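Colleague: The structure's right below; bear with me while I get my questions together.
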Amino acid sequence: MWDYTEKVKDHFLHPRNVGEIENPDAVGIIGNIVCGDALKLTFKVDRKTNRIIDVKFQTFGCASAIASSSVLTELLKGKTIEEAQKITNQDIADYLGGLPEEKMHCSVMGKEALEEAIKNYKGEKQPIEPQGRIIC
Ligand code: FES
Ligand code: FES
């Protein structure tokens, strides 16, 4: 059994900001090549301040992916796009009080979905819906 922190368990059992934002300013979708799981991140930006005012996630993922995505949404709220860009997957894992080494790739999925969403916000990329789900 994995050794999860209380914070991971809390965010897995009570994930924050689950769902999809209507008319989002940014969409980031990523598939995890390690395990075949997927994550969709959507957010709204206040164009005047350049700050993320609302953010939601949906994942077909494991406990660590759910907890990582949940804390990522907490980390993102109120941040400017420039500040959001600096968030690393280590920041996500640290905020969770750590992740087992074998589960670090789950936090990478959050970071990559964020990168995709920022590219989409800047008009550099259209989100691509994953083609079905690879069974783990
Ligand atoms: Fe993560 Fe299947 S749920 S590998
Ligand atoms: Fe696939 Fe965690 S995201 S095992």
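Colleague: Output the Kirkwood hydrodynamic radius of region 55-121, Cα pairs only, in Å rounded to one decimal.
Modeller: Mean inverse Cα-Cα distance, inverted, gives 11.8 Å.
Colleague: Which residues' amide hydrogens lie under 5 Å from the amide hydrogen of Ala26, considering only partners 5 or more residues apart or on another chain, with H built in the peptide plane?
Modeller: Under 5 Å from the amide H of Ala26 lie the amide H atoms of Phe43, each far enough along the sequence or on another chain.
Colleague: Taking H as built 1.01 Å from N, whose amide H comes closer than 5 Å to the amide H of Val18, not counting residues under 5 places away?
Modeller: HN-HN under 5 Å from Val18: Phe57.
Colleague: At what distance in nm do the modelled label points of Glu74 and Glu124 sit from each other, each positioned 7 Å from its Cα along Cα→Cβ?
Modeller: Reported label-point gap for Glu74 and Glu124 is 2.9 nm.
Colleague: Continuing with this model, one more query. Considering only the other residues whose Cβ falls under 14 Å of the Cβ of His14, what net charge follows from Lys and Arg at +1 and Asp and Glu at -1?
Modeller: Residues close to His14 contribute a combined charge of 0.
Colleague: How do the peptides 69-81, 105-117 rank, highest first, by the average count of neighbouring beta carbon atoms within 10 Å per residue?
Modeller: Order by mean packing, descending: 105-117, 69-81.
Colleague: I'd like the projected area of the chain, averaged over all directions, using the convex hull of its alpha carbons. Report it in nm² with one decimal.
Modeller: 7.8 nm²
Colleague: Continuing with this model, one more query. What value, in deg cm²/dmol to 500, does the helix sum -39500 (n - 2.57) over DSSP H runs of n ≥ 4 give at 222 nm once divided by the residues of the chain?
Modeller: Taken over the chain, the calculation gives -11500 deg cm²/dmol.
Colleague: What helices in the chain pass both tests, a Cα length along the helix axis of 27 Å or more and a mean Kyte hydropathy of 0.0 or higher, using whole DSSP H runs?
Modeller: Long hydrophobic helices here: none detected.
Colleague: HN-Hα J couplings of region 44-54 from phi, Karplus 6.51/-1.76/1.60, θ = phi - 60°, integer Hz, Gly and Pro as x?
Modeller: With the stated coefficients, region 44-54 comes to 10, 10, 7, 5, 5, 9, 6, 9, 6, 9, 8 Hz.
Colleague: Let me ask something else. Contact order normalised by length for region 6-121, with contacts defined as Cα pairs under 8 Å and 6 or more residues apart; what percent is it?
Modeller: 33 percent
Computed from the coordinates by the stated procedures, all read-outs in this text should not be read as laboratory data. It should be emphasised that the depicted structure is a prediction, and the values quoted were computed from it without experimental measurement. In this analysis, Cβ positions are derived from the backbone assuming ideal geometry, glycine residues included, and neighbour counts consider all displayed protein chains.
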